[in-house]
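Rule-based calculations on the coordinates, nothing more; no lab input. Model, not experiment: these values are computed from the prediction. Cβ atoms come from the backbone with ideal geometry, glycine included; neighbour counts cover every protein chain shown.
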Amino acid sequence: MQRTIDAFFKLLEFLVVACLVAMVIMVFGNVVLRYGFNSGISISDEMSRYCFIWLTYIGAMVAMREKGHLGVDTLVRRLSLGGKKLCFFLSEVMMLGCNALFFWGTWKMHDLQVTNVSVVVGIPMIWIYGIGYVTAAVMGIMNLHKLALLLTGRLAESDLVMVVESEDQVTLTEITPEVRGRA
């Protein structure tokens, strides 16, 4: 099962890179065509915008798995184990609620987006905004999985702090004991 999940997130990472490359090619190509040849590709503006939307939502899923979202852990790190568990639980439940609202909102807008056709490309807008279904479902499943791990007691205390330190901070913490030992 873990191999399937890893393969899914590798696919998502590939899609992020593919969207980014497509955006660069379309925008750069259009700029060159406009300034160099006084022409352009009409769909490149719209398609690069759609790639950016998908890149953002797919990137959010990948970042959630890698604990890459911004967070402040100053208070949580100082709490007792019970306090950390409570904060973790509340945080996951609130994120799950946001994902449920996101899914529900996409569902409510579905009929409108199916009939709303993009101006230049001519595709139904549900192909663009339908990523909300995928994002909300994947992130919601991650929230439920973390809640299940918490409620069954399979999370270590270090897992309860949901912020990953930056590389600079980790390096600084590793160097500090060495410096103290020399002084």
**OP:** Name the lysines eligible as straight-distance cross-link partners of K84: C-alpha to C-alpha under 17 Å, and not fewer than 8 places from it in the same chain.
**Re:** K67, K146
Original post:
Any idea how far apart H110 and E13 come out in nm if each label point goes 7 Å out from Cα toward Cβ?
Top reply: 3.2
**OP:** Name the most mobile residue of M47, M109, M23, meaning the one with the largest mean-square fluctuation, in a Gaussian network model of the chain with Cα contacts below 10 Å.
**Re:** M109
Subject >> Check: segment 1-66 dipole with +1 on Lys, Arg Cβ and -1 on Asp, Glu Cβ, in debye >> reply: 40
**OP:** Compute the long axis of helix 2-37 from its Cα atoms, compare it with the longest principal axis of the Cα atoms of the chain, and write down the angle in degrees, 0 to 90, nearest 10.
**Re:** 40
Original post:
On a 0 to 90 degree scale, rounded to 10, what angle separates helix 167-182 from the longest Cα axis of the chain?
Top reply: 30
Subject >> Point-to-point label distance, Y133-S91, nm (Cα→Cβ direction, 7 Å offset) >> reply: 3.1
Original post:
With charges only on Cβ, +1 for K and R and -1 for D and E, what is the dipole size of the chain about its Cα centre, in debye, rounded to 20?
Top reply: 300
**OP:** Just need the relative contact order of segment 70-166 here, percent rounded to a whole number, with Cα pairs under 8 Å and 6+ apart.
**Re:** 42
Original post:
Of F14, F102, F52, which is the most mobile in a GNM of the chain whose springs link Cα atoms less than 10 angstrom apart?
Top reply: F14
**OP:** Calculate for the chain the 222 nm mean residue ellipticity that helices alone would give, adding -39,500 (n - 2.57) per DSSP H run of length 4 or more and normalising by residue count, nearest 500 deg cm²/dmol.
**Re:** -26500 deg cm²/dmol
**OP:** Would you kindly state how much longer the chain becomes between D73 and N38 on full extension, computed as 0.36 nm times their sequence separation minus their alpha carbon distance, in nm to one decimal?
**Re:** 7.3 nm
Subject >> Partnerless cysteines, meaning none of the other Cys C-beta atoms lie under 4.7 Å away, in the chain >> reply: C87, C98
**OP:** On a 0 to 90° scale, report how tilted helix 42-65 is relative to the longest principal axis of the chain, with both axes built from alpha carbons and the result rounded to the nearest 10.
**Re:** 10
